[in-house]
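*Asks:* If you scroll down you'll find the structure; I have some questions about it.
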Amino acid sequence: MDEPDDALDAAPEGEDLDSSSSDSPADSPSGGDSPGSSKPSGGPGGDKKDDSAAIAQQASKSGTKKKSFARFNVYLVLFIFVLVIALGVIGATYIASKKSSNTTSISSQSLSGSSFAQLANSDATVGDTGQVLNVQSSAIFAGKLLARQDLEVAGSLQVGGTVALNGLTVNGTTQFGQVQINKNLAVAGDTSLQGSATIAKSLQVNGTGNFSGAVSAPQLTTSSFQLNGDLVLTHHVVIGGATPSHSGGSALGSGGTASVSGSDSSGTVSINTGASPAAGCFVTVDFTAKFGSTPHVLLTPVGSSAGGLSYYVNRSTSSFSICDSSAPPASASFGFDYFVVD
């Protein structure tokens, strides 16, 4: 009965006892191993082949499971790695934001009564540029106050004394009780003055000037003057200008003279006739500046001798002449006032 042991020893490694016991002679149909008995077609050689195939199939399944588990472990590790990196970025961003918010904050400091007493008797520095000094009560500075940087005033600013400024830029509405400007004042936009304006020196206007009210001036000098309404004069009219030149005519007679005083617009012509005056013109007055068109010449005889003359006027844009249609009296003195308008 040595054959079962030999079959057991011939089984491959890794085969269990159950599979080896199934190959023993006791499991055969004849219960023994007689020479005349017949064995099944799957004898010891066929059983070994079947066992090897089963073992190979189980090893293949085990290898497939191990490969699947290894792939699952790689994906799990990659997911955990990405998750750790994302959490690190979020944490770094949060820490950086906390740091930036801490650097922009400015701490404030309040002064008590004892602190003011200490500052009054010492030259001390309070805080630094990163702090804000809050003074709850009113403050009085007996000396000068120097602001090395910009001065911002949230409320109104009242100054009891004078203010010296190198430059002033006002973007909004500003009210001044009294302003004195020692140098030039340049206004780019429109200017509205509700009260009176006193100008100690000259006023130069390059454009037009519109006045809805009265304009009072002791003297007004202009190159041209246009009135769209009536001209009301409550005082004398004085017309100035250069004295025009003149020349005598035949009506003066022998040794007669004439003189002119006044201007192109108004004046007086004095005439002294000589011997044997004849009919004609006494004098011709030449304007210092020509008129644009032939002017109107108004004559007024002065003296009784002039009143009896048959006088008339010749006029042009450059001169006018005082004439007599008949022979004037000899050795007579008289005159004419003239008024010339264009």
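The values are calculated or read from the model by the stated rules, or taken from the named source; none is laboratory data. Computed from a predicted model, the values in this text were never measured in an experiment. Cβ coordinates were reconstructed from backbone atoms using ideal geometry, including for glycine residues, and neighbour counts include every protein chain displayed.
*Asks:* Does the stretch 128-139 contain at least one residue that is aliphatic (A, V, I, L, M), at pLDDT 75 or above and part of a loop (DSSP other than H, G, I, E, B)?
*Replies:* Yes, because at least one residue in the stretch 128-139 is aliphatic (A, V, I, L, M), at pLDDT 75 or above and part of a loop (DSSP other than H, G, I, E, B).
*Asks:* Taking strands (runs of 3 or more DSSP E) that do not extend beyond the stretch 278-342, which have at least 1 residues that are among the small types (Gly, Ala, Ser)? First the steps, then the outcome.
*Replies:* Details: elements: 280-286, 296-302, 311-315, 319-324, 333-341.
Where strands (runs of 3 or more DSSP E) fall fully within the stretch 278-342 and carry at least 1 residues being among the small types (Gly, Ala, Ser), they are 280-286, 319-324, 333-341.
*Asks:* Of the numbered conditions (1) over 30 Å from LEU220 (Cβ atoms); (2) β-branched (Val, Ile, Thr); (3) surrounded by 18 or more Cβ atoms within 10 Å (Cβ to Cβ), THR257 satisfies every one except a single condition; which is it?
*Replies:* (3)
*Asks:* Might you let me know whether the stretch 188-199 holds any residue that is in a loop (DSSP other than H, G, I, E, B) and closer than 27 Å to GLY240 by Cβ?
*Replies:* Checked against the condition, which is being in a loop (DSSP other than H, G, I, E, B) and closer than 27 Å to GLY240 by Cβ, the stretch 188-199 yields at least one hit.
*Asks:* A further question follows. Would you confirm whether any residue within the stretch 223-241 is in a strand (DSSP E or B) and more than 53 Å from the chain's Cα centre (by Cα)?
*Replies:* no
*Asks:* Turning to a different aspect of this structure: Out of LEU145, LEU133, report the one residue that is within 32 Å of the chain's Cα centre (by Cα) and of a type outside the set (Asp, Glu).
*Replies:* LEU145
*Asks:* Still on this structure: What are the residues in the stretch 304-316 that are in contact (Cβ under 8 Å) with a residue 24 or more places away in the chain and surrounded by 14 or more Cβ atoms within 10 Å (Cβ to Cβ), if any?
*Replies:* Once the filter is applied, which keeps residues that are in contact (Cβ under 8 Å) with a residue 24 or more places away in the chain and surrounded by 14 or more Cβ atoms within 10 Å (Cβ to Cβ), the stretch 304-316 yields SER305, ALA306, LEU309, TYR311.
*Asks:* Return yes or no: is THR243 farther than 14 Å from LEU299 by Cα, exposed (fewer than 15 other Cβ atoms within 10 Å of the Cβ), touching a residue at least 12 places away in the same chain (Cβ under 8 Å) and not aromatic (Phe, Trp, Tyr)?
*Replies:* In short, yes.
*Asks:* With free of Cβ contacts under 8 Å to residues at least 60 places away in the same chain and under 25 Å from SER326 (Cα atoms) as the only criterion, which of VAL238, VAL269, VAL297 stands out?
*Replies:* VAL297
*Asks:* Could you tell me whether ALA96 is at pLDDT 75 or above, over 30 Å from ASN206 (Cβ atoms), over 39 Å from the mean Cα position of the chain (by Cα) and surrounded by 10 or more Cβ atoms within 10 Å (Cβ to Cβ)?
*Replies:* No: the conditions fail for ALA96.
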